[in-house]
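Visitor: One structure, as structure tokens, below. Some questions next.
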Amino acid sequence: MRQEYLRAAAEAFANITEHQSNCYHYANDHHEPLAIKLAAYYQALLTARIKCKYINAVVGTAIAELSYPTHDITKYAWSGNQRAAFTGIDKAVWSRNGLTKQVNFIIDDIRANAHAVSVAIDSQI
């Protein structure tokens with residue numbers, strides 16, 4: 001319990017953004033309120049990158065996939081076909097619109113922010 005308080009205090013002094021904190025805590029705990037905040041952030045970010053009708057599916061897939069364990073943190077839990085099946089989007093449409101690339105971007109961004117926060121917290125402790 002003491003370690004949790006130390007980490008919380010270190011996070012407060014580490015000068016991290018709210019988004020970085022959300023990424024760190026979601027990557028470690030998978031709390032639903034954080035998933036909602038992350039979804040809103042990435043929906044706004046992807047508006048200019050992909051068709052609007054696919055944004056919710058892409059963001060929801062990325063956030064759901066992060067809750068699945070992987071043996072290697074640099075790899076992804078689902079394949080493109082599994083992601084397409086999860087969203088109910090046809091595999092050809094999924095591939096043609098490059099949606100796997102967008103899911104990978106979200107997952108990589110969350111992992112990178114979580115790692116940066118972890119390093120910042122460890123340097124404070």
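Visitor: Check residue 76: other-chain or 5+ apart residues with amide H under 5 Å from its amide H, H built from backbone geometry?
Guide: The answer is none.
Visitor: For the chain, what is the calculated [θ] at 222 nm in deg cm²/dmol (nearest 500), taking -39500 (n - 2.57) for each run of four or more DSSP H residues and dividing by its residue count?
Guide: When only DSSP H runs of four or more count, the value is -24000 deg cm²/dmol.
Visitor: To continue, here is another question. Between 27, 85, 39, which gets the highest mean-square fluctuation from a Gaussian network model of the chain, Cα cutoff 10 Å?
Guide: Most flexible of the set in this elastic network: 85.
Visitor: Measure off 7 Å from each Cα along the Cα-to-Cβ vector at residue 92 and residue 72, then give the distance between these two points in nanometres to one decimal.
Guide: 3.2 nm
Visitor: For the chain, compute the orientation-averaged projected area of the C-alpha convex hull (one quarter of its surface), in nm².
Guide: The Cα convex hull of the chain, projected and averaged over all directions, gives 8.1 nm².
Visitor: Which helices of the chain meet both criteria: a Cα extent of 27 Å or more along the helical axis and a mean Kyte-Doolittle score no lower than -0.5, with helices taken as whole DSSP H segments?
Guide: Passing helices, by number: 99-124.
Visitor: Oh, and also: Build a GNM of the chain with springs between Cα atoms under 10 Å: which of 42, 76, 68 gets the top mean-square fluctuation?
Guide: Sorting by GNM fluctuation, first place goes to 68.
Visitor: Work out, step by step, the length gained on full extension between residue 32 and residue 45: first 0.36 nm times the residue separation, then minus their alpha carbon distance; give nm to one decimal.
Guide: Result: 2.7 nm gained on full extension.
Bear in mind these aren't lab numbers, they're just calculated from the coordinates by the rules spelled out. In this text, all values refer to a predicted model and were calculated from it rather than measured experimentally. Note that each Cβ is placed from the backbone with ideal geometry, even for glycine, and that neighbours are counted across all protein chains shown.
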